[in-house]
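The values are calculated or read from the model by the stated rules, or taken from the named source; none is laboratory data. Nothing here was measured: the structure is a model prediction, and the numbers come from that model. A quick note on method: Cβ atoms are made from the backbone with ideal geometry, for glycine too, and the neighbour counts reach across all protein chains shown. Heavy atoms of the whole protein, side chains included, go into the accessibility calculation; ligands, DNA and RNA do not. Shrake-Rupley method; radii C 1.70, N 1.55, O 1.52, S 1.80 Å.
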Amino acid sequence: MKSQESTLVSRNITVLGHRTSVRLEPDMWTALKDIADREGCKIHDVCSLIALRKEQGTSLTAAIRVFIVLYYKAAVLARII
């Protein structure tokens, strides 16, 4: 049986002044970079905002994924309305 390699990419980011490592799919990193570019900031800034607003007990990685989905959902709905 072949072992499956992880498709997650680990990157170091600074969140609220502290360096941490986050593992996300390549498409999630691309989306996060796109959001930061659109908002005129850096990935570190977006992740710091997410960290401030996430629910206690939720991992930063999960909160980032949810944020990305909600960001794009809001963008789509803004075009429809």
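Among the residues of the stretch 30-67, those that are of a type in the set (Val, Ile, Thr) and either part of a helix (DSSP H, G or I) or farther than 16 Å from Leu16 by Cβ (or both) comprise Thr30, Ile35, Ile43, Val46, Ile50, Thr61, Ile64, Val66. Across the stretch 48-73, which residue is most open to solvent (accessible area, probe 1.4 Å) among those that are touching a residue at least 12 places away in the same chain (Cβ under 8 Å) and under 15 Å from Ala36 (Cβ atoms)? The selected residue is Tyr72. Counting only residues that are outside any helix (DSSP H, G or I) and of a type outside the set (A, V, I, L, M, F, W, C), which one in the stretch 19-29 is most open to solvent (accessible area, probe 1.4 Å)? That would be Arg19.
Figure legend. Inter-residue proximity from the stretch 17-38: first residues more than 15 Å from Val66 (Cβ to Cβ), second residues open to solvent by 50 Å² or more (accessible area, probe 1.4 Å) and part of a helix (DSSP H, G or I), beta-carbon distance below 8 Å, spacing 6+ or different chains. Indicated pairs: Ala36/Asp45. Residues that are over 13 Å from the mean Cα position of the chain (by Cα) and either in a helix (DSSP H, G or I) or closer than 18 Å to Ser10 by Cα (or both) within the stretch 68-81 comprise Lys73, Ala74, Ala75, Val76, Leu77, Ala78, Arg79, Ile80, listed in sequence order.
Thr7 falls short on exactly one of the conditions (1) free of Cβ contacts under 8 Å to residues at least 24 places away in the same chain; (2) in a helix (DSSP H, G or I); (3) among the β-branched types (Val, Ile, Thr), and that condition is (2).
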